[in-house]
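One structure is given below, encoded as structure tokens.
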Amino acid sequence: RGINVRVLVILLFLGFGYVFYIGASTSPIIVFVFSVCIVSFLLSIYLTKWVLSKDEGPPELAQISEAIRDGAEGFFKTQYGTISKMALLLALVILSIYLFRNTTPQQESSGLGRATSACITVAAFLLGALCSGVAGYVGMWVSVRANVRVSSAARRSAREALQIAVRAGGFSALVVVGMAVIGIAILYATFYVWLGVDSPGSMKVTDLPLLLVGYGFGASFVALFAQLGGGIYTKAADVGADLVGKVEQGIPEDDPRNPAVIADLVGDNVGDCAARGADLFESIAAEIISAMILGGTMAQRYPSGFILFPLVVHSFDLVVSSVGILSIRGTRDSNVKVPLEDPMTILQKGYSVTIILAVLTFFGSTRWLLYTEQAPSAWLNFSLCGLVGIITAYVFVWITKYYTDY
């Protein structure tokens with residue numbers, strides 16, 4: 001947007017300095033989480049440049065792509081403009097409710113008044129809504145630019161088209177998950193330092209995750225309307241395109257001469273990509289916060305590693321997913337003929353790599369954070385619970401393939 005590069009570098013340097021300062025004042029685990037998230041953001045920048053370096057193909061492809069891009073950005077601006085106004089209105093409602101509700105025993109013991117609790121909840125709500133909106137925009141931004149490049153690559157090699165698509169989706173995934181993790185970690189560390197947690201007469205660290213609930217609520221609020229608006233829009237355009245094109249005019253499905261087809265493709269980008277990004281952000285944020293609250297109840301007897309365990313696990317998610325994304329490669333030489341491969345087989349190879357690394361890092365995380373001398377074998381039981389979930393996820397891939405394959 002024409003921002004001076006030096007000013008931007010200075011602002012980023014100050015922002016990173018603040019983040020690592022509050023992280024170091026909170027826990028070395030928070031510093032680890034911050035470091036992984038920042039590295040994943042740098043990798044996402046690399047993936048973006050790699051995808052955008054690919055050609056857009058002939059002018060006809062670029063013309064249709066620009067129409068879809070303009071429609072998607074226009075819809076996003078209108079939809080999220082309305083959502084932002086509703087979020088501000090709801091923030092005022094939340095503020096008034098918290099100002100008049102009774103204080104909880106945890107607030108009384110920590111000395112948090114109604115006004116402070118209300119401001120903290122509203123600030124977390126607005127930050128969650130903002131991050132959810134950014135996550136949705138990132139999903140839409142990359143999809144409208146990657147689609148035409150995948151189409152262009154498909155004229156040369158199916159393997160190259162698959163690699164561009166995976167890396168474009170990987171960019172969106174790293175940004176969405178990274179933002180969810182680093183947003184919660186920054187809130188946690190900021191409240192920890194600002195409120196003087198665990199100092200005499202202040203809040204206990206076991207009660208701190210309860211202050212993060214507003215973040216998840218803000219993310220859920222934006223994701224709800226993004227899913228509804230984008231989903232209904234794309235279905236309305238899809239049905240309209242089928243009725244007018246195939247039924248009335250007798251032209252092929254998804255023919256670009258039908259204006260409703262362009263609207264349908266706009267809906268695919270804002271509904272399946274932007275809304276999906278916001279929805280995934282909301283799911284991950286709510287999952288982390290709820291697990292941190294549960295960890296806080298266990299940390300009343302055991303170390304605070306139970307509270308930060310969800311953040312560490314999702315940090316390793318970023319590392320494992322990055323390896324899986326980069327493991328899917330295109331052909332080395334476009335002139336060399338290679339045997340035809342099933343794209344699902346290629347994806348499953350990358351997924352198998354991530355599964356193996358996920359098991360190793362999950363066992364390592366549980367041993368690092370959930371080991372206690374009072375129950376020395378408990379961490380292994382937690383690891384086995386996670387292993388059941390990982391195996392179930394892998395089985396679902398085979399079940400889905402069996403019922404939806406050729």
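The values are calculated or read from the model by the stated rules, or taken from the named source; none is laboratory data. None of the values given here were measured: they were computed from a predicted structure. Here the Cβ positions follow ideal geometry from the backbone for every residue, glycine too, while neighbour counts run over all protein chains shown. What goes into the accessible areas is simple: the full protein's heavy atoms, side chains included, and nothing from ligands, DNA or RNA. Shrake-Rupley method; radii C 1.70, N 1.55, O 1.52, S 1.80 Å.
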Per-q log10 I(q)/I(0), the chain, q = 0.12, 0.14 Å⁻¹ (Debye; single scatterer per alpha-carbon; no solvent): -1.10, -1.39
Could you check how much of the accessible area of the chain is carbon and sulfur, as a whole percent, using a 1.4 Å probe? 67
Could you work out the relative contact order of the chain, using alpha carbon pairs under 8 angstrom and six or more residues apart, expressed as a whole percent? 20
Compute the accessible area per residue over segment 340-405, keeping the other protein chains in place, probe 1.4 Å, unit Å². 65
Between segment 222-255 and segment 134-196, how far is it from one alpha carbon centroid to the other, in angstrom? 25
With N set to the number of residues, divide the alpha-carbon radius of gyration of segment 5-80 by 2.2 N^0.38 Å and report two decimals. 1.67
Expressed as a rounded percentage, what relative contact order does segment 263-402 have, with Cα pairs under 8 Å and six or more residues apart? 19
Once each part is reduced to its C-alpha centroid, what is the distance from segment 362-376 to segment 77-92 in angstrom? 43
Give me the 1.4 Å probe accessible area per residue for segment 1-120, excluding ligands and nucleic acids, in Å². 63
Per-peptide average of other Cβ atoms within 10 Å, ordering 211-217, 371-377 highest first: 211-217, 371-377
Calculate, for segment 216-297, the solvent-accessible area per residue in square angstrom, rolling a 1.4 angstrom probe over the heavy atoms of the protein chains. 45
Note the angle between two axes, namely the Cα long axis of helix 378-404 and the longest principal axis of the Cα atoms of the chain, as a number of degrees from 0 to 90, rounded to the nearest 10. 20
Please give the calculated 222 nm ellipticity per residue for the chain, where each DSSP H segment of at least 4 residues contributes -39500 (n - 2.57) and the sum is spread over every residue; nearest 500 deg cm²/dmol? -27500 deg cm²/dmol
Relative contact order computed over segment 340-405 (Cα-Cα under 8 Å; 6+ residues apart), in percent: 25
Over the alpha-carbon set of segment 340-405, work out the extent along each principal axis and list the three values in angstrom, largest first. 55, 21, 10
Let me check something: with ligands and nucleic acids excluded, how do PHE125, PHE382 order by accessible area (1.4 Å probe), largest to smallest? PHE382, PHE125
